[in-house]
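Inspection log for the structure reproduced underneath, given as structure tokens.
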Amino acid sequence: MGCLYFTSDYAIKIHDKIIEISGGISGVKDFGNIDSPINHIQNDDYYPSFEEKLIHLVYTFNKNHAFNDGNKRTSIAIGAFFLDVNGLEALVNKFIIEMENIAVLVADNIVDKALLSEIIFSIVNEEDYSEELKLKIIQALSKIKEGATPINLGIEFYKDIF
């Protein structure tokens, strides 16, 4: 497959830059939740496709709270960076735009890993979501509780990170 990867230290630098620019509580909460997904995605037995690697990165950084703050923002930035370093820079804007809305839903358990997988696979491989996937997303959105808001920091914010 020939994927390019990055280190845990670089993931921490991405996170620190996010906190510096947009605010929040700095610091690593659990280094294992940074190091583990970065190392695990390199095992093609568990994550044979690029999409599976990307999905795992985004999901684990979003859900496992490796940092004291900014986990959703970091999950988006890490995913965008992984696309970029692997020659898929043309998808970075689309990924950021879509994931700013989806990341909050993943954190709030409205979008599970299976639906996130379908969404990310579609972002990487299709021009637009299929009608079936759109219906699944609408169904998930019907579960939103009052107060859930998208991140909406914008494309340039994330591109400045890496």
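The values are calculated or read from the model by the stated rules, or taken from the named source; none is laboratory data. These numbers were taken from a predicted model, which means no experiment stands behind them. Here the Cβ positions follow ideal geometry from the backbone for every residue, glycine too, while neighbour counts run over all protein chains shown. In case anyone asks, the SASA skips ligands and DNA or RNA and just uses the protein heavy atoms, side chains included. Shrake-Rupley method; radii C 1.70, N 1.55, O 1.52, S 1.80 Å.
Suppose we filter segment 103-129 for residues that are closer than 22 Å to F50 by Cβ, open to solvent by 10 Å² or more (accessible area, probe 1.4 Å) and part of a helix (DSSP H, G or I); how many remain? Counting residues in segment 103-129 that are closer than 22 Å to F50 by Cβ, open to solvent by 10 Å² or more (accessible area, probe 1.4 Å) and part of a helix (DSSP H, G or I) gives 8.
Looking at segment 1-89, the helices (runs of 4 or more DSSP H) lying wholly inside it that each contain 3 or more residues that are touching a residue at least 40 places away in the same chain (Cβ under 8 Å) sit at 8-22, 50-63, 71-85.
Applying the criterion of being farther than 12 Å from A11 by Cβ and hydrophobic (A, V, I, L, M, F, W, C) to the residues of segment 42-57, the residue that is farthest from the chain's Cα centre (by Cα) is F50.
Against the condition on the phi < 0 side of the Ramachandran plot, in a helix (DSSP H, G or I) and in contact (Cβ under 8 Å) with a residue 12 or more places away in the chain, how does E132 come out, does it pass? The answer is no for E132.
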